[in-house]
Amino acid sequence: MADQDAIRAPSAVPVDDAVLPFEVSALDIRGRLVRMGAALDDILMRHDYPAPVSKLLGEAIVLTTLLGSSLKFHGRFILQTQTDGPVSMIVVDFIAPDRLRAYARFDKTRLADGLSAGELLGHGHLAMTIDQGPEMSRYQGLVALAGGSLEDAAHEYFLRSEQIPTRVRLAVGEELRGGGDGPTHRWRGGGALIQFLPKAPERARQVDLDPGDAPEGSVAHAIDEDDAWVESQSLFATVEDIELIDPDLSGERLLFRLFHERGVRVFPTQHLHAGCTCSRDAVAGMLASFDPEDRADMVENGKVVVTCEFCSSTYEFTPQEAGVEG
């Protein structure tokens with residue numbers, strides 16, 4: 001494993017809440033590895049979510065981090081789902097370069113043991129939005145959700161929107177450890193993304209999207225996958241969920257396990273933390289944007305109470321502070 005131009009052994013020190021970019025030049029692939037501990041646990045434990053909802057939201061957070069950490073400017077990458085499943089909405093906000101917040105809406109009466117991620121999501125769509133600030137246009141990509149997982153949705157997005165050969169792996173689990181004060185529980189997450197980026201663009205060509213504009217009855221378009229990409233996918237497929245979230249396995253050692261025969265190079269780590277952008281002033285500004293009738297309807301027991309959906313912080317205002325006319 002190489003750092004810059006120096007060849008060295010992979011570090012045995014695990015680093016949580018971090019993105020580790022890497023490349024395997026022999027296979028023409030670049031990628032990112034995400035390991036999440038305290039930051040993920042902080043986001044999920046701010047809400048009293050049932051375990052299946054926490055796990056699904058955790059996967060969305062990991063996926064958003066894999067994608068948002070590629071931004072080269074100070075902006076936002078927002079992942080949002082709207083579906084007819086038990087978990088009807090997920091919103092994850094990655095504020096470049098390193099801050100995350102997220103929440104989910106769900107129907108507790110429709111939750112059941114053993115539901116897969118696809119069954120929790122149901123049918124609807126997933127939107128990925130890049131917000132470069134008020135003076136720049138937003139870019140948004142949409143992909144249908146039809147009972148599949150977030151990994152499936154990511155693969156479909158890259159196939160149809162980016163047309164870059166891409167594979168994604170996501171894993172989230174609960175860690176239980178014993179101690180002098182009794183067992184401790186926390187959430188952990190991990191994920192990895194690889195993309196095939198050869199210098200010759202024709203090597204990355206993919207088949208035409210079905211059905212395309214070919215006349216009915218035409219022979220389906222087919223392209224043999226590049227040998228380097230076939231090998232990359234085979235190696236990537238061997239990574240297990242436990243490896244992605246193992247607190248005792250460093251990210252560098254995991255990458256070395258996968259790609260040591262070809263040689264893997266790592267780049268400087270990008271650290272992450274959980275953090276909301278809400279504030280009393282921001283909430284007051286939001287209230288000021290409402291119609292007077294709407295503000296008046298929000299008064300209960302002589303005050304207006306607003307709870308941030310992302311971090312569960314509560315802000316209280318008198319009717320006068322909220323702009324409610326006497």
With 10 angstrom as the radius, rank TRP187, TRP229 by how many other C-beta atoms surround their C-beta, starting from the fewest. TRP229, TRP187
Please report THR81, THR129 as a ranked list, fewest other C-beta atoms within 10 angstrom at the top and most at the bottom. THR129, THR81
Under 10 Å, Cα contacts only: if you run a Gaussian network model on the chain, which one of ILE223, ILE245, ILE43 comes out with the highest mean-square fluctuation? ILE223
Neighbour-limited loop hits for trypsin sites (Lys or Arg not before Pro), the stretch 1-95 (at most 14 other Cβ within 10 Å; DSSP other than H, G, I, E, B): ARG8, LYS72
The stretch 92-160: trypsin sites (Lys or Arg not before Pro) in DSSP loop, at most 15 other beta carbons within 10 Å: ARG138
Cβ-based exposure ranking for MET298, MET36, in which fewest neighbours within 10 Å come first: MET298, MET36
For the chain, what does the helix formula give at 222 nm: sum of -39500 (n - 2.57) over DSSP H segments with n ≥ 4, over the residue count, nearest 500 deg cm²/dmol? -6500 deg cm²/dmol
I want the antiparallel fraction of DSSP beta bridges within the chain, as a percent rounded to 5. 95 percent
Rounded to the nearest 20 Debye, what is the dipole magnitude of the chain about its Cα centre when Lys and Arg each give +1 and Asp and Glu each give -1 at the C-beta? 760 debye
As straight-line cross-link partners of LYS55, the qualifying lysines (C-alpha separation under 21 Å, not fewer than 8 residues apart within one chain) are LYS108
Could you tell me which of ALA274, ALA296, THR238 has its Cα farthest along the dipole of the stretch 217-326 towards the positive end, charges placed at Cβ (Lys, Arg +1; Asp, Glu -1), taken about the Cα centre? ALA274
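We did not get these values from a lab; they are worked out from the coordinates using the rules stated. Note that the coordinates shown come from a computational prediction; the quantities given were computed from them, not determined experimentally. In this analysis, Cβ positions are derived from the backbone assuming ideal geometry, glycine residues included, and neighbour counts consider all displayed protein chains.
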